[in-house]
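In what follows, a structure is listed as structure tokens, so that the remarks can point back to it.
The values are calculated or read from the model by the stated rules, or taken from the named source; none is laboratory data. Note that this is a predicted model, so its numbers are computed, not measured. Positions of Cβ are generated from backbone atoms using ideal geometry, with glycine treated the same way; all protein chains shown enter the neighbour counts. Only protein heavy atoms, including side chains, enter the accessible area calculation; ligands, DNA and RNA are left aside. Shrake-Rupley method; radii C 1.70, N 1.55, O 1.52, S 1.80 Å.
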Amino acid sequence: MVEGSPKVVVVVPTYNERENLPVLAGMLTDLAVPNLHLLVVDDGSPDGTGEVAEKLAADSGGTVGVLHRTVKDGLGRAYLAGMARALDEGADIVIQMDADLSHPASAIPEMLRTLQDGDTAVVLGSRYVPGGSTASEWPWHRKALSAWANFYVNAILGLGVRDATAGFKAWRAETLRGIDLPSVRSNGYSFQVEMNYRVIKRGLTIREVPIRFEERIEGMSKMSLGVQVESALAPWKLRFDREN
């Protein structure tokens with residue numbers, strides 16, 4: 001990692017997040033992290049999120065960028081497009097973060113400090129390490145499903161992390177380059193699992209810091225039945241695929 005203040009790019013995919021995006025941008029600004037940038041990856045939101053992102057970019061003095069995609073083909077594809085753009089623009093650290101305010105921006109400084117450890121390849125914002133938690137608004141069956149998903153993934157792939165499905169992560173740029181982003185095939189929530197699996201298969205280190213995962217404030221969840229089915233099948237595909 002470079003000396004001084006590394007360029008940190010927070011990649012945030014959006015689809016119909018016009019209410020949440022300005023709030024998130026303000027939270028990131030309030031962190032006062034040196035050389036912090038926001039890259040919004042908008043999939044043609046019909047609610048005008050893309051226009052809101054452009055206004056934020058125009059007023060940011062160069063710290064906010066927007067990537068407009070014309071095809072809505074899943075969370076994983078959006079993250080990969082944003083990560084590729086961030087790397088092309090000289091990012092030293094890439095943070096992936098949802099736009100729905102479920103991920104606490106306040107955890108970013110600790111994630112960055114943890115990433116400074118010499119052997120750390122990626123840091124997860126984790127619900128399931130000591131000090132972590134999920135929203136009190138979550139019903140018991142949703143908490144049970146989340147816990148089961150993590151047990152299921154770890155039992156099949158042996159990742160050795162508590163929150164294998166976490167979507168809040170801080171990556172070293174060299175880690176993203178080393179896991180061959182163009183060949184990542186998973187989409188939706190299984191994208192998170194495949195990315196972790198690629199890190200572990202290369203003998204790299206994942207660390208977790210505790211977060212409180214909140215319920216989204218505005219809008220609706222994008223978790224469809226198709227995404228759930230893909231997420232259930234993905235660990236088996238990864239385990240028996242020799243090309244990852």
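Being at pLDDT below 90 and in contact with a helix residue (DSSP H, G or I) (Cβ under 8 Å, 6 or more places away or on another chain) holds for only one residue in Gly167, Gly160, and it is Gly160. Going through region 10-23 one residue at a time, which ones are within 10 Å of Gly82 (Cα to Cα) and open to solvent by less than 10 Å² (accessible area, probe 1.4 Å)? Within region 10-23, Val10, Val11, Val12 qualify. The set of residues in region 1-19 that are part of a strand (DSSP E or B) and closer than 25 Å to Gln116 by Cα comprises Val8, Val9, Val10, Val11, Val12. Counting the residues of region 37-52 that are part of a helix (DSSP H, G or I) and either in contact with a strand residue (DSSP E or B) (Cβ under 8 Å, 6 or more places away or on another chain) or basic (Lys, Arg) (or both) gives 2. The condition (being closer than 20 Å to Met111 by Cα and of a type outside the set (Lys, Arg)) is satisfied by just one residue among Val23, Val11, Val52, Val66: Val11. Among the candidates Pro22, Pro34, Pro109, the residue that is over 27 Å from Trp148 (Cα atoms), part of a loop (DSSP other than H, G, I, E, B) and at pLDDT 95 or above is uniquely Pro34.
Table: residues versus (1) touching a residue at least 24 places away in the same chain (Cβ under 8 Å); (2) surrounded by fewer than 21 Cβ atoms within 10 Å (Cβ to Cβ); (3) out of contact with any helix residue (DSSP H, G or I) (no Cβ under 8 Å at 6 or more places or on another chain).
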position	(1), (2), (3)
Lys72	yes, yes, yes
Gly76	yes, no, no
Leu87	yes, yes, no
Pro109	yes, yes, yes
Thr114	yes, yes, yes
Val129	yes, yes, yes
Ser133	yes, yes, yes
Asn154	no, yes, yes
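Restricting attention to region 163-175, does a residue exist that is surrounded by fewer than 17 Cβ atoms within 10 Å (Cβ to Cβ), within 29 Å of Asn16 (Cβ to Cβ) and of a type outside the set (Val, Ile, Thr)?
Taking every residue of region 163-175 in turn, none turns out to be surrounded by fewer than 17 Cβ atoms within 10 Å (Cβ to Cβ), within 29 Å of Asn16 (Cβ to Cβ) and of a type outside the set (Val, Ile, Thr).
Within region 187-210, restricting attention to residues that are farther than 25 Å from Pro104 by Cα and in a loop (DSSP other than H, G, I, E, B), the residue that is most open to solvent (accessible area, probe 1.4 Å) is Arg202. With the condition kept exactly as written, say whether any residue in region 211-229 is loosely packed, with under 15 Cβ neighbours inside 10 Å, under 30 Å from Gln116 (Cα atoms), modelled with pLDDT under 90 and more than 15 Å from the chain's Cα centre (by Cα). Yes: one or more hits. On the stretch given as region 54-70, residues that are open to solvent by less than 80 Å² (accessible area, probe 1.4 Å) and closer than 12 Å to Leu39 by Cα total 9.
Looking at this structure, is Asp47 more than 19 Å from Gln192 (Cα to Cα) and surrounded by fewer than 16 Cβ atoms within 10 Å (Cβ to Cβ)?
Answer is yes for this residue.
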